[in-house]
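K.L.:
This structure is in structure tokens; I'll ask about it shortly.
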């Protein structure tokens, strides 16, 4: 990539299963992204504050516990509250088909369910970063 | 982008403006240069820049997080620049130092920025010093600069910081011997972290031999268990004492003048590098790289100034 993209991968809530998040962190690194990882058990506000300090072009959230319907929109809300609603949020994890549209409507730009190829996820992050750089840099 | 507006917000401590400003400098943009010119010089001069270095896994980030806690107790606003390596293959990076500092994630008086080396080999990234100055201009009175996990000769930090803390831990074996002839000689303070682990006593003894004078040993060698918050308050007291001494005997002034010169040289090289790289790739007549390099320099001097 011509420009260097910075993204943040966060794990909101009490869910401690971060194999999926770490897989994405590594896949994005290998695709040339600079990836900030927050570690597990973060609040939506902590993730938003970190994304702002790190000036990332996109935020990725991972949830395996079923709390995504509350936690993913909470991160969007926290970003809005902090005046950073322009930073796109993507999400993935154990997410039932019927929740995908609800999350999309809540402002999550892309949702990745189990079995999504890494290349699809990388392409979505690339697109989100490209758009953010074009609009805000 | 309006640089004056960004500067105003940055000087008021707005996290978004600070983050954006560091990116502008890291991307080597023209706006970044304009921004650096407008930073509050008095705040920068008053702030203390402490380097944290050591091998991977010695506990740099945990100790840095501990220092932040104590500096916050003193009422200071604190900046942290944490550098991790870029992949030589993809150019990507995993920046994970923040995980050890999430205790402070919602504290607006703690400014954290993770940065990747982007090809630089000396333990820092090119924009690390500028990032620290941006944080200082935003009101941070102490900025902690954490290097990548280093080996023997990554001296960037010693040249840039007012004071450098070398963090070691038991279990690195013979590597310690090799380190004695390198960065260990020039670090201002040496910390044996994980001092509750087997082997830490012997490591401290080995390290005591680095200092010829007994009073230096007492002043400069220190033991901590960062994960248990042990020894961090006394480490901070030692740092303060050493800074006072450096102010009094002129060491601080001399270090900063040298840091300015060396960082200027670094930036000059960084700014020249793309042009040099293009010339190097553009087919040269000389068979030997040493001679081809001279040819490049001559070509560079003949180019019209932009």
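K.L.:
Conditions first: (1) within 21 Å of the chain's Cα centre (by Cα); (2) within 14 Å of chain A (Cβ to nearest Cβ); (3) modelled with pLDDT under 95. Residue B:78 passes all but one, so which condition is the exception?
P.N.:
(3)
K.L.:
Of the conditions (1) under 14 Å from the mean Cα position of the chain (by Cα); (2) closer than 19 Å to residue A:122 by Cβ, residue A:3 fails just one. Which one is it?
P.N.:
With (1) under 14 Å from the mean Cα position of the chain (by Cα); (2) closer than 19 Å to residue A:122 by Cβ applied to residue A:3, the lone miss is (1).
K.L.:
Still on this structure: Which of the residues belonging to region B:139-159 are farther than 20 Å from residue B:59 by Cβ and surrounded by fewer than 24 Cβ atoms within 10 Å (Cβ to Cβ)?
P.N.:
Of everything in region B:139-159, those that are farther than 20 Å from residue B:59 by Cβ and surrounded by fewer than 24 Cβ atoms within 10 Å (Cβ to Cβ) turn out to be B:139, B:141, B:153, B:155, B:159.
K.L.:
Still on this structure: Output the residues belonging to region B:1-16 that are within 10 Å of another protein chain (Cβ to nearest Cβ) and either modelled with pLDDT of 95 or more or under 21 Å from the mean Cα position of the chain (by Cα) (or both). Show your work before the answer.
P.N.:
Step one: filter region B:1-16 for residues within 10 Å of another protein chain (Cβ to nearest Cβ), giving B:1, B:14-16.
Of everything in region B:1-16, those that are within 10 Å of another protein chain (Cβ to nearest Cβ) and either modelled with pLDDT of 95 or more or under 21 Å from the mean Cα position of the chain (by Cα) (or both) turn out to be B:14, B:15, B:16.
K.L.:
Now, a different point. Do you know which of the residues in region B:25-40 that are free of Cβ contacts under 8 Å to residues at least 12 places away in the same chain and more than 13 Å from chain A (Cβ to nearest Cβ) is surrounded by the fewest Cβ atoms within 10 Å (Cβ to Cβ)?
P.N.:
Among those residues, the one meeting the criterion is B:37.
K.L.:
So, residue B:22, is that one within 24 Å of residue B:256 (Cα to Cα), within 14 Å of chain A (Cβ to nearest Cβ), assigned to a helix (DSSP H, G or I) and at pLDDT 95 or above or not? Lay out the reasoning, then the answer.
P.N.:
Details: within 24 Å of residue B:256 (Cα to Cα): yes; within 14 Å of chain A (Cβ to nearest Cβ): yes; assigned to a helix (DSSP H, G or I): yes; at pLDDT 95 or above: yes.
Against the criterion (within 24 Å of residue B:256 (Cα to Cα), within 14 Å of chain A (Cβ to nearest Cβ), assigned to a helix (DSSP H, G or I) and at pLDDT 95 or above), residue B:22 qualifies.
K.L.:
Continuing with this model, one more query. So, in region A:28-80, of the ones that are over 24 Å from residue B:86 (Cα atoms) and part of a loop (DSSP other than H, G, I, E, B), which residue ends up farthest from the other protein chains (Cβ to nearest Cβ)?
P.N.:
The extreme case among them is A:66.
K.L.:
While we're looking at this one, here's another question. Go through (1) surrounded by fewer than 18 Cβ atoms within 10 Å (Cβ to Cβ); (2) at pLDDT 90 or above; (3) part of a loop (DSSP other than H, G, I, E, B) and name the single condition residue A:23 misses.
P.N.:
Result: residue A:23 passes all but (3).
K.L.:
Does residue A:120 qualify as being under 20 Å from residue B:20 (Cα atoms), at pLDDT 95 or above and not in a strand (DSSP E or B)?
P.N.:
Numbers: under 20 Å from residue B:20 (Cα atoms): no; at pLDDT 95 or above: yes; not in a strand (DSSP E or B): yes.
For residue A:120, the condition - under 20 Å from residue B:20 (Cα atoms), at pLDDT 95 or above and not in a strand (DSSP E or B) - is not met.
K.L.:
Now for a different question. Please work out which residue is farthest from the other protein chains (Cβ to nearest Cβ), limiting yourself to region A:123-137 and to residues that are over 18 Å from residue A:28 (Cβ atoms) and part of a helix (DSSP H, G or I). Steps first, please.
P.N.:
Of region A:123-137, the ones over 18 Å from residue A:28 (Cβ atoms) are A:134-137.
Checking which are part of a helix (DSSP H, G or I) leaves us with A:134-136.
Numbers: A:134: 14, A:135: 12, A:136: 9 Å.
The residue in question is A:134.
K.L.:
Considering each residue of region B:81-101, count those that are closer than 17 Å to residue A:56 by Cα and at the interface with chain A (Cβ under 7 Å from one of its Cβ atoms), and give that number. Lay out the reasoning, then the answer.
P.N.:
We begin by selecting, within region B:81-101, every residue closer than 17 Å to residue A:56 by Cα; these are B:81-84, B:86, B:91-99.
Checking which are at the interface with chain A (Cβ under 7 Å from one of its Cβ atoms) leaves us with B:91-96, B:98-99.
Total satisfying the criteria: 8.
K.L.:
Still on this model: Take residue B:72 and decide whether it is free of Cβ contacts under 8 Å to residues at least 40 places away in the same chain, touching a helix residue (DSSP H, G or I) at 6+ places or on another chain (Cβ under 8 Å), under 22 Å from residue B:224 (Cα atoms) and within 14 Å of chain A (Cβ to nearest Cβ).
P.N.:
no
K.L.:
Give region A:106-117 a look and list any residue that's buried (at least 20 other Cβ atoms within 10 Å of the Cβ) and either assigned to a loop (DSSP other than H, G, I, E, B) or out of contact with any strand residue (DSSP E or B) (no Cβ under 6 Å at 6 or more places or on another chain) (or both), or say none. Working first, answer last.
P.N.:
Start the filter on region A:106-117 by keeping residues that are buried (at least 20 other Cβ atoms within 10 Å of the Cβ), which leaves A:108, A:110-112.
If the condition is that a residue be buried (at least 20 other Cβ atoms within 10 Å of the Cβ) and either assigned to a loop (DSSP other than H, G, I, E, B) or out of contact with any strand residue (DSSP E or B) (no Cβ under 6 Å at 6 or more places or on another chain) (or both), then A:108 is the only one that fits.
K.L.:
Here is a list of conditions, (1) buried (at least 24 other Cβ atoms within 10 Å of the Cβ); (2) within 12 Å of chain A (Cβ to nearest Cβ), and residue B:54 meets all of them except one; can you say which number that is?
P.N.:
Against the list (1) buried (at least 24 other Cβ atoms within 10 Å of the Cβ); (2) within 12 Å of chain A (Cβ to nearest Cβ), residue B:54 comes up short only on (2).
K.L.:
Residues in region A:92-105 that are touching a strand residue (DSSP E or B) at 6+ places or on another chain (Cβ under 6 Å) and either surrounded by fewer than 18 Cβ atoms within 10 Å (Cβ to Cβ) or farther than 15 Å from residue A:61 by Cα (or both): how many?
P.N.:
Total satisfying the criteria: 1.
K.L.:
Limited to region B:102-138, what total is found for residues that are within 12 Å of another protein chain (Cβ to nearest Cβ), under 21 Å from residue B:56 (Cα atoms) and surrounded by fewer than 24 Cβ atoms within 10 Å (Cβ to Cβ)?
P.N.:
Summing the residues that are within 12 Å of another protein chain (Cβ to nearest Cβ), under 21 Å from residue B:56 (Cα atoms) and surrounded by fewer than 24 Cβ atoms within 10 Å (Cβ to Cβ) in region B:102-138 gives 4.
K.L.:
Assess whether residue A:8 counts as being more than 7 Å from every other protein chain (Cβ to nearest Cβ) and more than 25 Å from residue B:88 (Cα to Cα). Working first, answer last.
P.N.:
On the way: more than 7 Å from every other protein chain (Cβ to nearest Cβ): yes; more than 25 Å from residue B:88 (Cα to Cα): no.
Answer is no for this residue.
The values are calculated or read from the model by the stated rules, or taken from the named source; none is laboratory data. Because the structure is a prediction, the values reported are computed rather than measured. All Cβ positions, glycine included, derive from the backbone under ideal geometry; neighbour counts span all protein chains shown.
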